[in-house]
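Here's the structure, in structure tokens; my notes come after.
The values are calculated or read from the model by the stated rules, or taken from the named source; none is laboratory data. Quick caveat, the model's predicted, so the values are computed rather than measured. Every residue, glycine among them, receives a Cβ derived from its backbone with ideal geometry; neighbour counts consider all protein chains shown. Note: areas computed on protein heavy atoms with side chains; ligands, DNA, RNA excluded. Shrake-Rupley method; radii C 1.70, N 1.55, O 1.52, S 1.80 Å.
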Amino acid sequence: MIGLYVHIPFCRQKCLYCDFPSYGGLKRYQAGYVTALCREIEASPYTGETADTLYFGGGTPSLLTAAELERIMASIRKTFVLTKDAEITLEANPESLDQAYAASLRQLGINRLSIGIQSFSDDLLPGLGRVHTAGAGKKAVLAAYDAGFRNLSIDLMYGLPGQSLEDVDCDLQILDELPVVHASIYSLIVEDGTQLKAGLEKGRWHLPDADLVEREFREVHEKMHRYGYHHYEISSYAKGPFESRHNSKYWTYEPYIGFGVSAHSFDGHRRWANLANIPNYLKRAGTESVVAECLEIDAKRLVEDYCFLALRRRAGLDYGDYARRFGRPIEKDFGAVIDGLVREGLLVRTEHGCCLSEEGLGYGNYVFSKFIR
Ligand code: SF4
């Protein structure tokens with residue numbers, strides 16, 4: 001079954017570290033964008049397919065009005081078959097999420113919220129360019145819960161300029177007190193072209209040293225276990241059955257179809273990305289192709305991608321699944337690589353294959369690079 005992704009590129013303002021396809025100050029495009037999205041969805045060549053996940057990502061999808069989301073949901077339901085138990089997620093930011101809005105999202109069938117908190121520190125949030133306060137973050141989570149959401153996720157970050165180990169601890173303690181069942185906890189990555197990168201180069205901020213970031217990562221890992229979460233992907237923690245079903249499709253190499261500017265899609269053999277330019281997208285959506293680039297994935301790349309995506313998950317590589325998909329045992333392609341990484345202590349063998357060891361979690365990129373031939 002496929003997953004569906006809908007990209008909403010609008011934000012109140014651009015966060016300093018963000019290199020996602022998202023833009024502040026473009027509200028004037030919002031209504032036209034929703035119309036174009038509906039046109040693109042309804043003209044999809046995948047009409048009639050069954051989807052068991054739908055994800056509104058951004059940007060800040062919670063900037064859309066309930067009426068705008070209702071139009072998009074109507075186009076999705078008209079074009080695709082959503083399973084009865086489909087996971088329908090919307091990314092929301094605290095500044096645009098209150099109880100009345102959350103209740104209207106539930107009426108539309110949205111059953112999971114992923115709330116961009118990033119930090120519960122009023123000292124750190126302005127330095128990230130976030131427009132909300134720590135209090136607003138907590139209030140948004142509680143409002144969503146009071147509106148009836150039980151599948152709630154938050155995003156947090158560590159490795160931030162000026163952040164101490166105590167700050168990370170404090171965020172985790174607050175997380176533990178909130179009614180959330182999933183958290184994505186990322187280390188800050190300094191991306192090219194961001195205001196953060198420019199500020200660092202000018203000496204306006206200083207990154208914490210690698211040693212502190214490593215201790216913060218271990219702290220996150222240990223505390224989340226203590227708070228009853230299981231670690232199922234490098235940056236993702238869930239309580240009970242609340243793993244993100246949509247994101248899991250990316251890591252288990254399942255197909256997904258994206259709509260909207262810069263949305264990505266994957267059909268098992270090809271990856272493609274939509275246009276990034278909003279005015280061009282508005283002109284073309286629904287009447288001509290909005291695909292900006294398409295990559296046919298050759299057999300070599302297919303197995304490499306499969307391996308490093310699978311290794312992001314704590315369950316790791318399943319040798320039986322590899323053999324079923326690619327028609328040969330994994331040992332034939334990667335036996336020596338896996339043996340070497342096991343000897344280095346970065347991979348451990350499991351009942352069905354292998355996965356990152358506790359130590360390997362801190363060296364994910366090194367391990368993944370070994371699978372690129
Ligand atoms: S709210 Fe999210 S998508 Fe928007 S600028 Fe900030 S990090 Fe990027």
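For residues in segment 120-142 being closer than 20 Å to C11 by Cβ and among the aliphatic types (A, V, I, L, M), which is most open to solvent (accessible area, probe 1.4 Å)?
Only one residue tops the list, namely V131.
Could you go through segment 259-270 and let me know if any residue there is modelled with pLDDT of 95 or more, open to solvent by less than 30 Å² (accessible area, probe 1.4 Å), aromatic (F, W, Y) and in a strand (DSSP E or B).
yes
Within segment 160-175, track down each residue that is buried (at least 20 other Cβ atoms within 10 Å of the Cβ) and of a type outside the set (A, V, I, L, M, F, W, C).
Listed by number, the residues that qualify are Q163, D171.
When you scan segment 362-373, how many residues do you find that are of a type outside the set (F, W, Y) and open to solvent by less than 10 Å² (accessible area, probe 1.4 Å)? Step through it out loud before you land on a result.
Our first condition is that a residue be of a type outside the set (F, W, Y); within segment 362-373, this holds for 362, 364-365, 367, 369-370, 372-373.
From what is left, the residues that are open to solvent by less than 10 Å² (accessible area, probe 1.4 Å) are 364, 367.
The number of residues fulfilling the criteria is 2.
Scanning segment 1-21 for residues that are away from the ligand (no atom under 13 Å from the Cβ) and hydrophobic (A, V, I, L, M, F, W, C), which turns out modelled with the lowest pLDDT?
So the residue we want is M1.
Before we move on, is E95 away from the ligand (no atom under 13 Å from the Cβ), of a type outside the set (V, I, T) and either touching a residue at least 40 places away in the same chain (Cβ under 8 Å) or not in a loop (DSSP other than H, G, I, E, B) (or both)?
Taking the combined requirement at face value, the residue does not satisfy it.
Being open to solvent by less than 70 Å² (accessible area, probe 1.4 Å) and either over 25 Å from M1 (Cα atoms) or outside any strand (DSSP E or B) (or both) is the requirement here; does A315 meet it?
Here the answer is yes, as A315 does meet what is asked.
Residues in segment 131-141: is at least one farther than 16 Å from Y237 by Cβ, in a loop (DSSP other than H, G, I, E, B) and not β-branched (V, I, T)? Show your work before the answer.
Step one: list which residues in segment 131-141 are farther than 16 Å from Y237 by Cβ, which gives 131-140.
Next, only the ones that are in a loop (DSSP other than H, G, I, E, B) stay: 131-133.
This time we only want the ones that are not β-branched (V, I, T), so: 132.
Yes, the conditions are met somewhere in segment 131-141.
If I filter segment 67-86 for residues that are touching a strand residue (DSSP E or B) at 6+ places or on another chain (Cβ under 6 Å), of a type in the set (G, A, S) and within 16 Å of the ligand (Cβ to nearest atom), do I get at least one hit?
No - not one qualifying residue is present in segment 67-86.
Does L125 qualify as being of a type outside the set (K, R), within 16 Å of the ligand (Cβ to nearest atom) and farther than 18 Å from G58 by Cα? Explain how you work it out, then say what you get.
Values: of a type outside the set (K, R): yes; within 16 Å of the ligand (Cβ to nearest atom): yes; farther than 18 Å from G58 by Cα: yes.
For L125, the condition - of a type outside the set (K, R), within 16 Å of the ligand (Cβ to nearest atom) and farther than 18 Å from G58 by Cα - is met.
Of everything in segment 98-117 that's touching a helix residue (DSSP H, G or I) at 6+ places or on another chain (Cβ under 6 Å) and open to solvent by 20 Å² or more (accessible area, probe 1.4 Å), which residue is nearest to the ligand (Cβ to nearest atom)?
For segment 98-117, the residue satisfying everything is D98.
Mind listing whichever residues of segment 22-54 are within 16 Å of the ligand (Cβ to nearest atom), of a type outside the set (A, V, I, L, M, F, W, C) and either in a loop (DSSP other than H, G, I, E, B) or surrounded by 15 or more Cβ atoms within 10 Å (Cβ to Cβ) (or both)?
S22, Y23, G24, G25, Y29, Q30, Y33
Of the residues R325, R314, only one is farther than 19 Å from S235 by Cα, of a type outside the set (A, V, I, L, M) and not assigned by TED's automatic domain parsing to the domain that holds I185; which?
Going through R325, R314 in turn, just one is farther than 19 Å from S235 by Cα, of a type outside the set (A, V, I, L, M) and not assigned by TED's automatic domain parsing to the domain that holds I185: R325.
Can you pull out the residues in segment 58-85 that are in a strand (DSSP E or B), surrounded by fewer than 23 Cβ atoms within 10 Å (Cβ to Cβ) and within 22 Å of the chain's Cα centre (by Cα)?
Kept after step one, since they are in a strand (DSSP E or B), are these residues of segment 58-85: 58, 81-85.
Of the ones still in play, those that are also surrounded by fewer than 23 Cβ atoms within 10 Å (Cβ to Cβ) are 81-85.
Selection gives L82, T83, D85.
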